[in-house]
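Single-structure report; data block below.
The values are calculated or read from the model by the stated rules, or taken from the named source; none is laboratory data. Here the structure is a predicted model, which means the values were calculated and not measured. A quick note on method: Cβ atoms are made from the backbone with ideal geometry, for glycine too, and the neighbour counts reach across all protein chains shown.
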């Protein structure tokens, strides 16, 4: 009898420690956003394919631009842990506010299941969002070394869109920079020729072009100018 | 049955006593964010490397939200939230500070809330693209690593 009680106790302890697992079709998603998209929603469906109950203790999107939601399961308390019985399905939803983002950015939803330490959440769901550049500068920055010859350098502005995006205004943060803006093809290609007035002093400046785009994401294009001492090798 | 319950309770009390004694002797559990510099990407840096090898002499850029920044940030850090990074980088004061930190030999380290936030990666890339600074790093573990650090680090609260 005594050994039976001990065995049962051990079994109970082991059962309570055995961790079930949620199975996801994928934990990494790549999403291409439309140029005018303001937000995107990404779904991560899952199923508890283990024989044990899985409890999602909490989840978080550690970026103010992303909101994480969980659907399915049985909530143990309001805004508290959510229980998933064996075979039960659910879905994590990430809503990503794109703001004026351009380019590629990784955003994550972090999930703590029962038994996970604060430092090591067991589930990490990643969304790689790509937002196209419809207008961009090549290169985006120019460098002169201090004392370098005052030779002009060129930045090309290209539009990668069937509809034209016209540059309607331009300004430089520093009066120490001379520049001219030339239209190569109205609405599609421009050429900036930039020459510092002097390379004697260190300078960090931005040259901003404003476009006629109604989409705030493509309203401005910034290029940067640096004059700094040559880096010692 | 009653004996079994008493024995189980006695074991629980004994375990709790041992745990408490360990807490008194060893101290609280280590909550620091594990970080091994050799295992990181070249563009990432451990807080221990910043404070140890680099002597803390870095220029900090905070890529979190303004609300989080106001609650507390590293001394000397400037705020460049990812949602407004393009505009904030081009603020003349910020351009000067970023550029001059490089000229003065300081490395630039960007942090966000945790490893999972992704904002520091994005802001670091945007700063690299300006060409103002050639040594731009992302702090592994972000703000969470700062709060968990056992090494003394100055904060603005």
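Numbers at a glance
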| item | result |
| --- | --- |
| In the stretch B:71-111, the residues that are away from chain A (no Cβ under 13 Å) and farther than 22 Å from residue A:205 by Cα | B:72, B:73, B:74, B:75 |
| Single residue of B:56, B:52 found to be more than 8 Å from chain A (Cβ to nearest Cβ), in contact with a helix residue (DSSP H, G or I) (Cβ under 7 Å, 6 or more places away or on another chain), surrounded by fewer than 23 Cβ atoms within 10 Å (Cβ to Cβ) and more than 21 Å from residue A:141 (Cβ to Cβ) | B:56 |
| Complete set of residues in the stretch A:95-129 that are more than 12 Å from every other protein chain (Cβ to nearest Cβ) and either part of a loop (DSSP other than H, G, I, E, B) or buried (at least 20 other Cβ atoms within 10 Å of the Cβ) (or both) | A:113, A:114, A:115, A:116, A:122 |
| Wholly within the stretch A:34-74, strands (runs of 3 or more DSSP E) carrying at least 1 residues that are within 13 Å of another protein chain (Cβ to nearest Cβ) and crowded, with 16+ Cβ neighbours inside 10 Å | A:54-60, A:66-72 |
| Criterion violated by residue A:196 - all others in (1) closer than 24 Å to residue A:101 by Cβ; (2) in contact (Cβ under 8 Å) with a residue 40 or more places away in the chain; (3) buried (at least 21 other Cβ atoms within 10 Å of the Cβ); (4) away from every other protein chain (no Cβ under 12 Å) satisfied | (1) |
| Any hit, the stretch A:178-193, residues being in a strand (DSSP E or B) and in contact with a helix residue (DSSP H, G or I) (Cβ under 9 Å, 6 or more places away or on another chain) | no |
| Which listed residue is over 18 Å from residue A:223 (Cβ atoms), loosely packed, with under 15 Cβ neighbours inside 10 Å and in contact with a strand residue (DSSP E or B) (Cβ under 6 Å, 6 or more places away or on another chain), from B:110, B:103, B:156 | B:156 |
| Checking residue A:182 against (1) touching a residue at least 12 places away in the same chain (Cβ under 8 Å); (2) not assigned by TED's automatic domain parsing to the domain that holds residue A:46, the condition it does not meet | (1) |
| Residue tally, condition in a strand (DSSP E or B) and touching a helix residue (DSSP H, G or I) at 6+ places or on another chain (Cβ under 7 Å), over the stretch B:59-93 | 6 |
| Scope the stretch B:3-25; condition surrounded by fewer than 10 Cβ atoms within 10 Å (Cβ to Cβ) and within 12 Å of another protein chain (Cβ to nearest Cβ); matching residues | B:3, B:5 |
| Residue in the stretch A:166-177 that is more than 14 Å from chain B (Cβ to nearest Cβ), closer than 29 Å to residue A:98 by Cα and in a loop (DSSP other than H, G, I, E, B) present | yes |
